[in-house]
Amino acid sequence: MGAETVEEPDGGGDAEAAVEEDLATLLSERDQFKDIALRLQADFDNYRKRVAKDRADEVDRATGRLIEALLPVLDACEAAFTHDVGGIEPIWSALIGALQKQGLEALDLQGKPFDPSVAEAVVHEPGGDDEVDHPIVSETMRTGYTWQGKVLRPAMVVVKG
């Protein structure tokens, strides 16, 4: 009795082809699921970045509204300082210092060419002998401010020329 050899039926090639076909299908599905997972990850990353940007923008808008609401207080302190009201300088300095830390900048326009994007001309004086081509800010009646590079409130100025 010798070793028996088992012969595969003629369908042996078909089984191999079926396995290869199943393997190809599985690999294709795996690639599709991988693509879906990568897209979902990218969508989530974009969502996270958009939410963070929206949150930062809202904080900036809220800070801008707060600073804008404090401008009349700042104006009152400046007027009191100008009229030598005693004891106002430390309060005014503290207020302007705190607001500057948040990005507020006072516009210094004295002696500079008039720019309607940062100032409102409320008085126009005739020019002197040294007439120039463009009007010059001769006096600031109300200080203007910028915040984060944008004009928060234009200055009210007197222009000459």
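Would you confirm, using the coordinates I've provided, whether GLN110 is under 27 Å from ASP57 (Cα atoms) and among the polar types (S, T, N, Q)?
No, not satisfied.
Anything in the stretch 37-89 that is modelled with pLDDT under 90 and of a type in the set (Ser, Thr, Tyr)? List them, or say none.
THR63, THR82
Select, from GLY149, GLY97, GLY103, GLY111, the only residue that is more than 23 Å from the chain's Cα centre (by Cα) and small (Gly, Ala, Ser). Show your work before the answer.
Values: GLY149 fails: more than 23 Å from the chain's Cα centre (by Cα); GLY97 fails: more than 23 Å from the chain's Cα centre (by Cα); GLY103 fails: more than 23 Å from the chain's Cα centre (by Cα).
Going through GLY149, GLY97, GLY103, GLY111 in turn, the sole match is GLY111.
Scan the stretch 76-97 residue by residue and report those that are of a type in the set (A, V, I, L, M, F, W, C) and loosely packed, with under 12 Cβ neighbours inside 10 Å.
Step one: list which residues in the stretch 76-97 are of a type in the set (A, V, I, L, M, F, W, C), which gives 76-77, 79-81, 85, 88, 91-92, 94-96.
Selection gives ALA94 alone.
For the stretch 86-118, which residues satisfy the criterion of being free of Cβ contacts under 8 Å to residues at least 40 places away in the same chain and either among the acidic types (Asp, Glu) or part of a strand (DSSP E or B) (or both)?
Listed by number, the residues that qualify are GLU89, ALA106, ASP108, PRO113, ASP115.
The values are calculated or read from the model by the stated rules, or taken from the named source; none is laboratory data. Because the structure is predicted, anything quoted here is derived from the model rather than measured. Ideal geometry is used to build each Cβ from the backbone, glycine not excepted, and the neighbour counts take in all protein chains shown.
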